[in-house]
Every structure is written in C-alpha cells, then in structure tokens.
Amino acid sequence: MLEKIKDWLGLSEQDDYVKDYFYRSNMKAVIYMSVVVICLELWMILRLTRIVIISWPRSFDWLYSHYRNYVILLVAGVIALIYAERFIRGKAKNRKVGTFILWTFSIICILFGIQVGVSSYAAGEQVLTFLTMAVFVFCILYWKPLESFFFSSISFFVFYVMLDRAIPASAGTKINLFTMWITAFMVAMSAYHQKISEAQKGESLEGVNAHLTRISNEDELTEIPNMRCFRRVCTANIVSSVKNRESHTFLYFDIERFKAYNEKYGFKKGDALLKQIAALLSEIFEGEPIARFSDDHFVAYADISTMEEKINQFRERVSALDSEVRLDVKIGSCTPAMASNDISLACDRARVACNALKRQYKKFYLAYDEALEKKITQKQYIINNIDNAVANGWIKVFYQPVVKCAGGNGELVGLEALARWDDPELGLLPPFMFIETLEEYMEIHKLDQCIVTQVCQHLREDIDRGRPVVPVSLNFSRLDFELYDVPQFLNSVAEEYNIPSSLLDVEITESALTDQFGLLQENMTRLRNKNFSLWLDDFGSGYSSLNVLKDFTFNVLKIDMKFLRDFPANQKSVPIITMIVDLAKQLGMVTLCEGVETREQYEFLQSVGCDKAQGYYFDKPLPRDAMVAKYYETE
Ligand code: C2E
Ligand code: MG
Ligand code: MG
C-alpha cells in the first residue's frame, strides 16, 4: 500500500532505464513546446514592430518595456530548443544542464503568463496568456507529482494574488482559477503516470528483446556464439575487406576422445568439459570470431599469421584438461577463397579436411586444398556409383599367382583375387582408390560379395572346361563380418556354383583382428567347420602380430611384403623372416611371403623353407583373360 502511495506520488526510486526514458520524453516535449513558443514570440515581435513603424518615433523606455518579455521568452525558447535537440541527437550529455534549462524555461513561461495575464485582467481583458502558458508547462512537459503540485500551486497562487491586487477577484474568477489549477495539476499527474508505465513496458520489452537476441546468437550450453552469429560476423568481415579475406582462414576443431570422456564421466561432466573448452577457445582466439559448430566441434575465423601458435596452445591446454582420457584436438582449415567466400561452405570444407585426418594418428592439422578436393570428389563418385559398378560389371577380378617356394620351382599353387574398378570415365582404378572409401561408408560388402560371386563363376567355367584349377584366395574386410553373415554367404554362393570349399580361401588382414574379437572368432570357427582355409593377410604390418597368433587359428600365414622391401640391402630381414617361418611351422601353419620381386628374394625364401610365394617376380595381378591365357591354356 505504502509502495503504491509512494509510486503515485512519484517518490519511489526508478531504475536507470525508466529515468532515462522519462528524461528523453521530456526533452522531446521541450522541442515541441519551444517551437510553439518561438513561433508565437516571433509573431508577437513582428506585430509589435509593425505598430512601432506605424507610430514612429517611440521612446527607449517604451521599446524596452514592450519588447523585453517577448525577447526573453524567445531566447529561452531558442536555448531550450538547441539543448533538447542536441540531447536527442546524442551530442549534449550533461543532464543537470538540461534540467536547469527545463526549469528556467518553464519558470520564464509562467512568469510571462502571470505578467501579461495580470495586465490584461487589469485592462478588463481575459487572462488567456497565463492559462496558455500553464497549459504549455503543465500539460506538454512532464513533471513528477510533487514537483507539479508545488510548481502549479505556486504559479496559480502568485497569479491569483497579483490579479486580486490589481482588481479584487470575484467569486466566479476564484472558482475558475481554482478549477484551472486542479485541472493543470491532474493533467500533469496523469501525464507523469502514463510516461512511467510506458517506460516500464518499454523496459520489459527491451529485456525480452535482449534475451531473445542473446539466445538467437548464443550457444545454449557453452554461451559462446552460435553458428548463426558466427556467419553474420564473418560475413561482415569478409564483405568489408579483401585484405581480411586473404589474411584469415576458417578453422574447424574436433575434440578427439570426447566420446570416451563422456562414457567415462557421464554427460554432465561432458557438458562441463565442453564449456571449459569453449572458454579456452574464446580466451586463446580472443578478438576473432569463434562459435560452437555442433556437439564437440567448434569453429574460428583466424588470422593466418598467428594461427599456428594459437592452435598449439589450444591443443596443449585441451589435453591438460584431463590426464586419463588423453584429449586432443584435430583441426581442419579452409580459406575463404577455397570456398568462393561462402562461409557455410568454408566451414563445411574445413570440417571435411578435419575428418580426413580421422585415422592419421600423427597428423593433427590439414588444410582444404585442390588435392583434397579431388580426393573427396573421387570418394563421392565411388559412393554414388558403387551400385552402378556392381550392376554394370565395372568391378573386375584380377588374379595374382601364388607359387610353390620351398622344394619347388615357381609352380602355380594358387591365385589371389584382387578387385579392380574398371570405370567407363576414370579408367582402371586400383583398390586404394575405393576400398577405404567403401569401408568408411559401410559399402564394402557390395564389392566383396561381387568378387566372391565372380570368382565362383570363373571357377565353375574353368572346371567345366576341364582346366587345372587352383584354389583362389579372397580378401575380406573386417566390416564384412559386421555387415552380413560371411560364412553363410560364401557357402551359399559356393553351393550355387557347385565349388568345393577347398578351392576358396579366406584372407583376413591382421589389423582386422584388433576389434570385434568375439564376432571374428565365431565367424572363423564357422568357416573352418565348412572347410574353408583361413589365411592371415599382411602378417607383421600391425602392432598386434604375435597376439593375433595366440588368439586365432589360421591355416596360412601371409608374411607382409614390407619385410622383403629392402632385401638384401637390409640384412635384418633375414633373421626376421627366418624366425617368422620357423614360428609359423611350429604353430602348424603354411607360410606365404608377399611382395617377391627378385630371383634373389625367391631363392632366399626357398632357403629358409617358406612354403609359398607371391609377387611381381612371378606376375602382377592379371585380368581374368590374361590369367587364363597364361596359366590354363598354355598346353
Ligand atoms: P593384399 O591383399 O595384401 O594384396 C596384395 C597387394 O600387393 C596387391 O595390391 C598386389 O598387387 C600387391 N603386390 C603383389 N605383389 C607385389 C610385389 O611384388 N610388389 C609390390 N609392391 N606389390 C605387390 P592391390 O591389388 O593394389 O591390393 C591392395 C589391397 O587392397 C590388398 O592387399 C587388399 O588388402 C585390398 N583388396 C584388394 N582386393 C580386395 C577385395 O576384393 N576386397 C577387399 N576387402 N580388399 C581387397
Ligand atoms: Mg590379400
Ligand atoms: Mg597382403
């Protein structure tokens, strides 16, 4: 209740926004009022000047007493107008000066009204000048209730006393004056309350607006800018300066092992970590646009000259955030020029560059350039066309001979089926141009099933033609075992073409055996039960070679070609290969060495008792026709 009374009387403390709004409104009102006063006074001065000219000459005292009031009011009006107008344009800032001008101008108006009103009254005319000035001051300008009460009371009281002194006021005049005073006061009060409520509404609207602006520009979790805001800021930078475009690049950050952190500590701590990372990013890239892209991905638009140092600092500080999970950051970049100045495209390309680092353990930074662009275009082509390639016969099987080594002399004992993509536009593509991509997009099974089917068809044809067929080894990706039932598929295709399982060998690369342990064990057992021979491909290329031998059972061990690469220059290969061959023998495995390129290498393998060999020394992978012509139709 007390608060309401205080509010009504204008005694409660208003916040800065309301005070500012009130003051500003008053300054606008001063403009309207001063313009009217200036026009009126100019008109009055012109009228008076006309009289002076007609009835010339006039004494100085006459001129002074007649012009003085008009000129004072005119000057006061001009000063008030100048100040108020400068304030609205943001040029005048001193509010005390403004308040002083407002009061002085108002008091001058009222005094003028009193003086002219009283002399008119004494001359038997009406008191309109005073009333006009009272309306100007109390109804156009805004006063606090107590101010308006005292100001209007004193004005009307002084006017009444002076008027009564000139000619004693009648009861009617007193009542009229009293009514005018009450009216002026009420109007001033209502104008005040109306302004205050307008100000309060404006304030809450502005608050809501500020909140809306914040949430539309800010990432909810980390409170750093979101992509919308980032795009806007970068657009302004890029559009405004060519220099800026050339000196800056877009960076895309991916937090490595964030998933592991989340799994270890839970989502709540994961969120807290993202906030810490965002804070680090804004600290290190201070003054440069940054944003959260999504999940644990962030972007920045950074100056190229200082970028490296900042990236290093960011990586160091992110990895220091947790000692157990070993957090790290991978970064891709793309310059505005590489994305035709399109910010979304640039961020996307920086992301593509970052993703291209996925399986590269030593590299943490990659820039999007023409070479990467070409690689990605190729990748896209492969993914978009794998179905076409299978359906249109672009997937071809090339065969590379496997020959007898120890105790033999290069006799053909097997063939490895190797895939080629014979593209009508791009020509013949080797596996490194499509295997990884197909694995990445989980499409590898389409290729492998196509190869299995073709190999079985070829074997059937060869058997039917009475050719002296040898077993064919087939390469399977680790993902095949996740994507479909390999033993069942292989068995059904073999049955369809009536191929004995002894003619089909299954190659699994060593690196495939590092994860999905149980799934692979189970598949291998089923394959073995169906009498398919199991080959361990690329033995020695990974980090887990000996463990693999302990945990899995294979029939054939294919020794990776890297051991022969520098032979005989690097004599270390001799004991290593000898040891692997011995070890495999002890474990009951047949040995096959890949990558044999010279007679010397072949003879060495024979000398250490390696069972089979494969390599360019015997033959490169051959198209089906060439292989048939060379190995099956020589007689
Ligand atoms: P891999 O299974 O280890 O195949 C041996 C690779 O070594 C073949 O490369 C072959 O051409 C190459 N090579 C053979 N002898 C020599 C030699 O004396 N010197 C050198 N430098 N290289 C030799 P290719 O055909 O390019 O195949 C590469 C890899 O692609 C294969 O390695 C295999 O892992 C994969 N791959 C090939 N075909 C298929 C397939 O049908 N399915 C799956 N999943 N992977 C396949
Ligand atoms: Mg192989
Ligand atoms: Mg191999």
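The values are calculated or read from the model by the stated rules, or taken from the named source; none is laboratory data. Everything quoted here is computed from the prediction, not taken from an experiment. Ideal geometry is used to build each Cβ from the backbone, glycine not excepted, and the neighbour counts take in all protein chains shown. Ligands, DNA and RNA are excluded from the accessible area calculation, which covers all protein heavy atoms including side chains. Shrake-Rupley method; radii C 1.70, N 1.55, O 1.52, S 1.80 Å.
For segment 209-224, the criterion of a residue being surrounded by 14 or more Cβ atoms within 10 Å (Cβ to Cβ), of a type in the set (D, E), in contact with a Cys (Cβ under 8 Å, 6 or more places away or on another chain) and not assigned by TED's automatic domain parsing to the domain that holds H297 is satisfied by at least one position. Report whether or not I38 is at pLDDT 85 or above and part of a helix (DSSP H, G or I). Criteria met by I38. Screening D538 against (1) open to solvent by 10 Å² or more (accessible area, probe 1.4 Å); (2) within 16 Å of ligand 2 (Cβ to nearest atom); (3) in contact (Cβ under 8 Å) with a residue 60 or more places away in the chain leaves a single unmet condition, (3). Do we find that L513 is more than 16 Å from ligand 3 (Cβ to nearest atom), assigned to a helix (DSSP H, G or I) and aliphatic (A, V, I, L, M) in this structure? In short, no. Using the structure shown, decide if E263 is open to solvent by 70 Å² or more (accessible area, probe 1.4 Å), outside any strand (DSSP E or B) and either outside the structural domain of E308 (by TED's automatic domain parsing) or not charged (D, E, K, R) (or both). No: the conditions fail for E263.
Each row is one residue, and each column tells you yes or no for (1) more than 10 Å from ligand 1 (Cβ to nearest atom); (2) out of contact with any Lys or Arg (no Cβ under 9 Å at 6 or more places or on another chain); (3) under 16 Å from N388 (Cβ atoms); (4) open to solvent by 10 Å² or more (accessible area, probe 1.4 Å).
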| residue | (1), (2), (3), (4) |
| --- | --- |
| Q400 | no, no, no, yes |
| V403 | yes, no, no, no |
| G410 | yes, no, no, yes |
| G414 | yes, no, no, no |
| A417 | no, yes, no, no |
| R420 | no, no, yes, yes |
| D423 | yes, yes, yes, no |
| E436 | no, no, no, yes |
| H445 | no, yes, no, yes |
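Of the residues making up segment 570-586, at least one is open to solvent by 30 Å² or more (accessible area, probe 1.4 Å), of a type in the set (S, T, Y) and away from ligand 1 (no atom under 16 Å from the Cβ). Among the residues of segment 377-396, those that are in contact with a Phe, Trp or Tyr (Cβ under 9 Å, 6 or more places away or on another chain) and either under 30 Å from V318 (Cα atoms) or of a type in the set (V, I, T) (or both) comprise I382, I383, I386, I395. When restricted to residues that are part of a loop (DSSP other than H, G, I, E, B) and at pLDDT 95 or above, segment 470-479 contains 2. Taking the listed residues K330, K310, K362, the one that is open to solvent by 60 Å² or more (accessible area, probe 1.4 Å) and more than 13 Å from the chain's Cα centre (by Cα) is K362, with no other qualifying. Of the listed requirements (1) open to solvent by less than 40 Å² (accessible area, probe 1.4 Å); (2) more than 20 Å from N555 (Cβ to Cβ), Y616 misses just one: (1). All of (1) buried (at least 18 other Cβ atoms within 10 Å of the Cβ); (2) among the aromatic types (F, W, Y); (3) more than 16 Å from ligand 3 (Cβ to nearest atom) hold for Y484 with one exception: (1).
Report, by residue number, each residue of segment 531-567 that is hydroxyl-bearing (S, T, Y) and within 14 Å of ligand 1 (Cβ to nearest atom). S541 - this is the single residue of segment 531-567 that is hydroxyl-bearing (S, T, Y) and within 14 Å of ligand 1 (Cβ to nearest atom).
Applying the criterion of being assigned to a helix (DSSP H, G or I) and in contact with a strand residue (DSSP E or B) (Cβ under 7 Å, 6 or more places away or on another chain) to the residues of segment 494-510, the residue that is nearest to ligand 3 (Cβ to nearest atom) is E510. If you filter segment 306-349 down to residues that are β-branched (V, I, T) and touching a Leu at 6+ places or on another chain (Cβ under 8 Å), you find that the one that is nearest to K243 (Cα to Cα) is I311. With respect to (1) open to solvent by less than 70 Å² (accessible area, probe 1.4 Å); (2) closer than 19 Å to Y70 by Cα; (3) touching a residue at least 24 places away in the same chain (Cβ under 8 Å), the lone exception for S120 is condition (3).
Answer with yes or no whether M442 is on the phi > 0 side of the Ramachandran plot and either aliphatic (A, V, I, L, M) or under 37 Å from the mean Cα position of the chain (by Cα) (or both). It is true that M442 is on the phi > 0 side of the Ramachandran plot and either aliphatic (A, V, I, L, M) or under 37 Å from the mean Cα position of the chain (by Cα) (or both). Can V548 be described as away from ligand 3 (no atom under 16 Å from the Cβ) and open to solvent by less than 50 Å² (accessible area, probe 1.4 Å)? Here the answer is no, as V548 does not meet what is asked. Residue-level check: of (1) surrounded by 12 or more Cβ atoms within 10 Å (Cβ to Cβ); (2) out of contact with any Asp or Glu (no Cβ under 6 Å at 6 or more places or on another chain), Y70 misses just (2). Picking from residues in segment 587-613 that are within 15 Å of ligand 2 (Cβ to nearest atom) and under 15 Å from N409 (Cβ atoms), the one that is surrounded by the fewest Cβ atoms within 10 Å (Cβ to Cβ) is K612. Within segment 471-481, the set of residues being away from ligand 3 (no atom under 14 Å from the Cβ) and in contact (Cβ under 8 Å) with a residue 60 or more places away in the chain comprises P471, V472. Among the residues making up segment 445-470, a single one is within 16 Å of ligand 3 (Cβ to nearest atom) and in contact with a helix residue (DSSP H, G or I) (Cβ under 9 Å, 6 or more places away or on another chain): D448. From the list L519, L479, L513, the one residue that fits, being closer than 23 Å to L546 by Cβ, under 43 Å from the mean Cα position of the chain (by Cα) and either of a type in the set (D, E) or within 16 Å of ligand 2 (Cβ to nearest atom) (or both), is L513.
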